[in-house]
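Heads up: the structure comes next, in structure tokens.
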Amino acid sequence: MAIKLVTTAAGLRAESARLLREKPGSSQGLVPTMGALHEGHAALARHATSQNDVVVASIFVNPLQFGEAADLERYPRTLEADMALLDAEGVDLVFAPSVEEVYPAGPPLVRVTSGPLGDKWEGASRPGHFDGALTVVAKLLHYGQPGAPGSDGGTAAYRAYFGQKDAQQLALVRRMVQDLNFPVEIVAVPTVRDEEGLALSSRNRFLSAEERDAALVLSRALRLIESRALAHEPLDPDSAVALVKSQPLVQLDYFDVVDPVTLEPLGENCRDTPFRGEGLALIAAKVGPVRLIDNVPLKS
Ligand code: AMP
């Protein structure tokens with residue numbers, strides 16, 4: 001394996017500096033993950049390696065963003081397989097710090113506040129989740145900064161890669177970077193799905209075969225709305241809600257069509273008038289023990 005594992009901020013900085021000196025040009029990409037990697041993460045890594053000279057993937061299961069301790073404990077940890085997947089995509093460095101490395105003084109007193117954008121949708125069911133997620137993303141964006149000037153003496157360009165799958169997280173990271181002047185370009189990567197349409201997620205492994213089949217209704221409902229948007233038809237989200245509710249193993253939490261930046265509902269105008277412009281259809285549901293989220297960007 002060419003890929004190298006580093007577990008400390010100092011180690012990451014030193015290795016990043018060494019690689020940037022060795023490689024021509026100068027840009028560094030960061031792919032933040034919680035591990036248990038699948039093809040969705042591989043797509044992020046692929047985007048990053050195609051656009052940067054040096055690529056770092058981080059693997060850190062962040063305690064701050066978990067509500068229940070049991071959920072944190074149960075989160076799958078598969079470091080060896082993750083390293084092999086990232087190595088195959090040409091990632092240079094894996095940064096897998098311990099909780100003590102990231103939070104040496106215990107849980108941080110000062111945190112990033114996600115504000116009203118973090119209180120709705122996923123935030124409504126998972127209080128504090130986005131404050132915890134943004135706090136660690138802020139730290140990871142600092143850790144992942146290019147370690148030294150590039151070979152031309154200039155500062156290396158810096159990009160970080162996030163999945164469209166977590167649309168609210170992506171919107172919040174974009175706002176944090178804009179509002180707090182992080183010197184990084186955020187790149188969104190489209191959602192990777194299995195052949196039947198189910199969005200890949202590390203949590204899918206907790207679904208039984210029957211629950212997995214039932215979960216397909218989420219992407220079916222989204223595709224229904226997407227096809228109407230493409231055809232400039234009224235979106236009629238109520239019919240998509242009815243489709244999801246017809247599946248007894250699926251407990252719908254929310255389904256709505258929102259503005260892709262503010263995540264505010266588009267409201268009545270998308271219900272019975274032909275759809276124009278841009279939107280985002282969001283869904284969250286519990287299938288058996290697993291909470292699933294999915295979304296599809298809409299364009300007329
Ligand atoms: P996670 O390890 O689940 O925290 O996810 C790490 C990154 O991978 C996030 O930016 C996710 O949005 C992204 N990601 C997770 N699943 C997918 C998927 N199916 N397609 C594209 N990106 C994904």
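The values are calculated or read from the model by the stated rules, or taken from the named source; none is laboratory data. Quantities reported herein were computed from a predicted structural model and do not represent experimental measurements. Glycine gets a Cβ as well: all are built from the backbone with ideal geometry, and neighbour counts include every protein chain shown. Accessible surface areas use protein heavy atoms only, side chains included; no ligands, DNA or RNA. Shrake-Rupley method; radii C 1.70, N 1.55, O 1.52, S 1.80 Å.
Nonpolar atom fraction for region 184-255, defined as the carbon and sulfur part of the 1.4 Å probe accessible area, stands at 50 percent.
Taking the accessible area of region 63-147, probe 1.4 Å, and keeping the other protein chains in place, the carbon and sulfur fraction comes to 57%. Using a probe of 1.4 Å on the protein chains alone, the accessible area found for LYS23 is around 60 Å².
Kirkwood radius, region 10-60, all distinct C-alpha pairs, inverse of mean reciprocal distance: 11.6 Å. Using the average count of surrounding beta-carbon atoms within 10 Å as a protection proxy, the listed peptides 84-90, 29-35 rank, highest first, as 29-35, 84-90. In the structure shown, the pairs LYS139/LYS286; LYS120/LYS286; LYS165/LYS299; LYS120/LYS165 are assessed against 23 Å; a Cα-Cα span above that value is assigned to LYS139/LYS286. For region 5-146, the C-alpha radius of gyration divided by 2.2 N^0.38 Å, with N the number of residues, is 1.08.
Note on the chain: antiparallel DSSP beta bridges, both residues inside, total approximately 50 percent of the bridges counted. Here, region 202-299 has an Rg and a Dmax of 13.6, 40 Å when only alpha carbons are counted. The residues of the chain have, on average, 46 Å² of accessible surface per residue, using a 1.4 Å probe with all protein chains present. The fraction of Cα-Cα pairs per 10 angstrom bin, counted from 0 for the chain, comes to 6, 26, 34, 23, 10, 2, 0 percent, rounded to whole percents.
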